[in-house]
Every structure is written in C-alpha cells, then in structure tokens.
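Okay, so here's the structure we're looking at.
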Amino acid sequence: MVRKTIAAITFGCKVNQYETACIVDDFINAGYQVVDYNEPADVYIINSCTVTNRTDYKSRNAIRKAIKRKEVNPSVKIVVTGCYAQRSYEEIKELGNIDLIIDNNSKGKILECINRMPRCNNWCVDANLDAFHFQDISKVTGFEELFTTSMIDRTRAFIKIQDGCDYFCAYCAVPFGRGNPRSREKENVLLQIEKLVENGYKEFVLGGINLGLYSRENKKDKYYLSHLLWDIEAIKGVKLIRLSSIEPQLFDDDLLDFFKESKKLCPHFHIPLQVGCDELLTKMGRKYSTADFREVIREIKQILPDVAIGIDVIVGLPGEKDDLFSKTHNFLTSLDFTYIHVFPYSKRPGTKAEKMNGHIHGKIIRERSKKLIELSRDKLQEYLDYIVKNNVGLRGIIEKKTKNYWTSLSDHYIRIYLKRNEFLKKKYLHFFPACKKFDGIEVKLSD
C-alpha cells in the first residue's frame, strides 16, 4: 500500500515552526509520509508570515509552487495558514485553486478538514461549514492546544506557551495576524515537556508571540512565566531551558529571581530594542526608554555576567532622520550586548506607521543597516574572545559528527566544534548526547 505524502513549508517566527511541527505530527500519526516541499506530495501546507513585504512575497511564491503541482495532479490538496493568510484571505483566494485557507487559531483542524474534502470538492474553510468557519482573530479568546511528540529536524524542542499581542506598536502587523494575548494551560505545557523528555529531548525553548505576557490576561490566577519556569525546572530529564524573545519591560523581579537560582537556564536572551532613541521609541508606541533598556541589560548581566544578549533593531522607521539614527548607533555602541538582528523597516498595511510622514528611502536604509551589521560583528567578536579567554563554562546538546567534529549549540548560543580527544580534555565543557541539527553562531574552539 502506497502511503500518502505531506510537504510543509514555514515562514517567519519559531511559533510558526512549532505549529507546523504539530500539524505535521497529526498527519504522521494518520499514516502520512513527510517529503521535502520541492517534491511531489498529496498535501502541501504553507504556514505563512506577514511581518515584512518580503515574507508576503515568499509565502505567495510557495503557494504558486503548490498550485503548479496541482495543475499536474488535480488530486493534490493545498492548505494555506499563518499570519499572511489571516491578513490577506481574499488576496490568497485569487492566487488560484487552493483547497483550504485556515485561520491562526484553527491549525489543529487541518487534518480533519483534509479528511472531509473527498465529500466536498475543493471547498475552503468558510464554505458554509460552521465547524470550520474562518475566524476573525481579534475576537478569539481561547488558546488553541497543539501537541506534538517530536520536532521536525530539531534537537531542541520548541514549546509554544503563549499567543497574541495587544501592544499595537506603530510599525507592527503581528497583533492583526495573531489577535489578543492568550496563554496555554500550565498542565498542558508540563505534559508536553514530559512527553518530549520521554522521547529523548533535553533542551526546551519556551516561546510565544509576546512570551513575557504569559498568563497575564488571567486576572484571577497569578501564575506567570516565572512560576511556569520553576515547574519546568523541577521536571527530571530537562537539562536546559532557553527563553525566546522577551520585551524589556517584562523582565520583572520574579523572573530575575529565577535567573539567580536556576541550574538549567541558558544564559542567552533575545531582547527587542527596535530603535535606540527615545523620540522614535515614543512615536512607535514602545513601552520603555533607552535608559530603561540599559538598566535591564545591567540587571541581567549583574546576575549572569557571561550572558549572551541579542537585540532586535529596526532600521529606517518613519521619521528616522540622520541625527536620530546617530543616536541609535551611539546608544548601541555604548551598550554591553552580544549581537544585533537588523531588520529594514517594511511598510505594513493597516499600521499607524504606514500613514506617518518621513518614510526613509531604501538606499539609506541599506546603508544604515550595513553600519549596524558591522557593529554587531564587532560586538560578537568581543564576546567570543571573552568566552575563550576566560574559559567560560558551556553546556549543550551534542547533535552529530561532521567533518571529524562533534557539534553543539551551547547554552550561550555559540556553536562549538570539537574533536573527540579535545572534547575530553576541556573540562569546562559539558554536553548531553543527541543526533539532530539546529543553527546558531559559529566558532571553532578546537582550532
């Protein structure tokens, strides 16, 4: 008997990646075989993103590729979901013969929808089927429970614990694609981690659309991110806990106390600054000042002196004149951090920034981005030199052997390559066995 096949492609954030893993896991449990997206398949799933114009384009391109497959084999089923689908439903319908467009809080229904399709020729999720009505995400109040027992080609297990954001920063379309904050029940989070531990996973990355808001929409139960972290810390078999991006104002005292006491926390944080001048922080609706941001970095490094800190910065926000960019550059130069993720500003329909005056020419954005990328390289090299010079202790999951090196992404977000005999000599390195792959900053400590 020939097994049915599924191919999936994901754009955007790690939350999308986790959701795709859960969707694919449903199909695997139903007997489907996973194939590469560029290969022929019975079902194609596109989990889209709309954070920039570029991700819109990539999502459309992936959809068109699946449509070409369907032209050759009409029985192929095409499913589109994600933030681009949430924001641009009508636009996607016009691209061609798509079977299913599903909202961001109904991804767990995809397999059920596919199973019903033979009785309903080429119907979309809004085709008079109440159980699968395409939802207005702004009206959704419940967290959709998605569960998986494995991750696609990953050594670390990413756990989605939160969805949605109500900050509505002037430049950002994410709240329109993800809706209001919603959190996963702690019992389901802990059960998910326990099951993944049983399947051999040792490192867990907690993530969400706005992770620091975990359970803060719940006014009755004062159980927040720090409380969940303590419960995860207590699970036998969990070796490393890593946090994805957290807004600077959400590093509260309880969270910092956990940092002081945890034995499993990875000393690596990603904190979105977005712009390093107070004028634009205020204009964009951010909830902190540059002084607040500097203080957060100071507090974290006081607790964890060797911590790796990544920062998000958007270049070319409306109104970013030369003097304001210089303020951002000077602020970042003076700040103690590890690397920058540089994002050129992308005009998003429906956002406040779209209608603002003072939009910056693309050539200027590219020149400014280059300056920040150069600064990031300098900061990163300083950090790597510090790690090597001071023999800072590193932990990680051994993934595989490649070109005579064992490789791991350490808890400090530094990728390490070690030969077996050198690994045994370096007492400050501590690794746990595993055999898959993931990406990070690279440095060969064995050279």
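The values are calculated or read from the model by the stated rules, or taken from the named source; none is laboratory data. Quick caveat, the model's predicted, so the values are computed rather than measured. In this analysis, Cβ positions are derived from the backbone assuming ideal geometry, glycine residues included, and neighbour counts consider all displayed protein chains.
The selection criterion, being under 20 Å from Tyr171 (Cα atoms) and touching a Gly at 6+ places or on another chain (Cβ under 9 Å), does not hold for Gly350.
Scan segment 343-361 residue by residue and report those that are more than 24 Å from Cys13 (Cα to Cα) and touching a residue at least 12 places away in the same chain (Cβ under 8 Å).
Met356, Asn357, Gly358, His359, Ile360
Checked against the criterion of being over 28 Å from Arg242 (Cβ atoms) and modelled with pLDDT of 95 or more, the candidates Asp336, Asp312, Asp292, Asp323 yield just one match: Asp323.
Restricting attention to segment 123-180, the residues that are at pLDDT 90 or above, part of a loop (DSSP other than H, G, I, E, B) and of a type in the set (Phe, Trp, Tyr) total 4.
For segment 353-366, the tally of residues that are over 14 Å from Gln274 (Cβ atoms) and within 27 Å of the chain's Cα centre (by Cα) stands at 4. In the set Asp26, Asp42, Asp36, only one residue is surrounded by 16 or more Cβ atoms within 10 Å (Cβ to Cβ) and touching a strand residue (DSSP E or B) at 6+ places or on another chain (Cβ under 9 Å); that residue is Asp42. Going through segment 181-203 one residue at a time, which ones are out of contact with any helix residue (DSSP H, G or I) (no Cβ under 6 Å at 6 or more places or on another chain) and outside any helix (DSSP H, G or I)? Scanning segment 181-203 gives Arg182, Ser183, Arg184, Glu185, Asn199, Gly200, Tyr201, Lys202, Glu203. Answer yes or no: is there a residue in segment 255-262 that is small (Gly, Ala, Ser) and at pLDDT 95 or above. Checked against the condition, which is being small (Gly, Ala, Ser) and at pLDDT 95 or above, segment 255-262 yields at least one hit. Would you check if Ile365 is out of contact with any helix residue (DSSP H, G or I) (no Cβ under 8 Å at 6 or more places or on another chain) and modelled with pLDDT under 95? Spelling it out, it is not the case that Ile365 is out of contact with any helix residue (DSSP H, G or I) (no Cβ under 8 Å at 6 or more places or on another chain) and modelled with pLDDT under 95. Taking into account only those residues within segment 348-406 that are small (Gly, Ala, Ser) and in a helix (DSSP H, G or I), which is surrounded by the most Cβ atoms within 10 Å (Cβ to Cβ)? Looking at the filtered set, the residue picked out is Ala353. Kindly check whether there is at least one residue in segment 3-14 that is surrounded by fewer than 23 Cβ atoms within 10 Å (Cβ to Cβ), over 21 Å from the mean Cα position of the chain (by Cα), more than 18 Å from Ile209 (Cβ to Cβ) and of a type in the set (A, V, I, L, M, F, W, C). Scanning segment 3-14, I find no residue that is surrounded by fewer than 23 Cβ atoms within 10 Å (Cβ to Cβ), over 21 Å from the mean Cα position of the chain (by Cα), more than 18 Å from Ile209 (Cβ to Cβ) and of a type in the set (A, V, I, L, M, F, W, C), so the answer is no. Each residue in segment 309-347 was checked for being outside any loop (DSSP other than H, G, I, E, B) and more than 16 Å from Glu295 (Cα to Cα), and 19 pass. Just one of the listed residues (Cys113, Cys83, Cys49) is in contact with a Leu (Cβ under 7 Å, 6 or more places away or on another chain) and on the phi < 0 side of the Ramachandran plot, and it is Cys113.
To keep it simple, each residue is scored yes or no on (1) more than 18 Å from His341 (Cβ to Cβ); (2) touching a helix residue (DSSP H, G or I) at 6+ places or on another chain (Cβ under 7 Å); (3) of a type in the set (D, E, K, R).
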site: Lys260; (1), (2), (3): yes, yes, yes
site: Leu265; (1), (2), (3): yes, yes, no
site: Gly276; (1), (2), (3): no, yes, no
site: Gly285; (1), (2), (3): yes, no, no
site: Asp292; (1), (2), (3): yes, yes, yes
site: Lys301; (1), (2), (3): yes, no, yes
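Of a type in the set (Gly, Ala, Ser) and buried (at least 21 other Cβ atoms within 10 Å of the Cβ): is that true of Gly237 in this structure?
The answer is no for Gly237.
A quick yes/no check of all residues on (1) closer than 22 Å to Ser138 by Cα; (2) modelled with pLDDT of 95 or more; (3) of a type in the set (Ser, Thr, Tyr):
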{"position": "Ile9", "(1), (2), (3)": "no, yes, no"}
{"position": "Val43", "(1), (2), (3)": "no, yes, no"}
{"position": "Thr52", "(1), (2), (3)": "yes, no, yes"}
{"position": "Asn61", "(1), (2), (3)": "no, yes, no"}
{"position": "Ile78", "(1), (2), (3)": "no, yes, no"}
{"position": "Glu90", "(1), (2), (3)": "yes, no, no"}
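Condition check for Phe259 on (1) in the same structural domain as Arg156 (by TED's automatic domain parsing); (2) at positive phi: one failure, at (2). Scanning segment 272-306 for residues that are in contact (Cβ under 8 Å) with a residue 60 or more places away in the chain, surrounded by 19 or more Cβ atoms within 10 Å (Cβ to Cβ) and farther than 17 Å from Ile373 by Cβ returns Lys283, Met284, Arg286.
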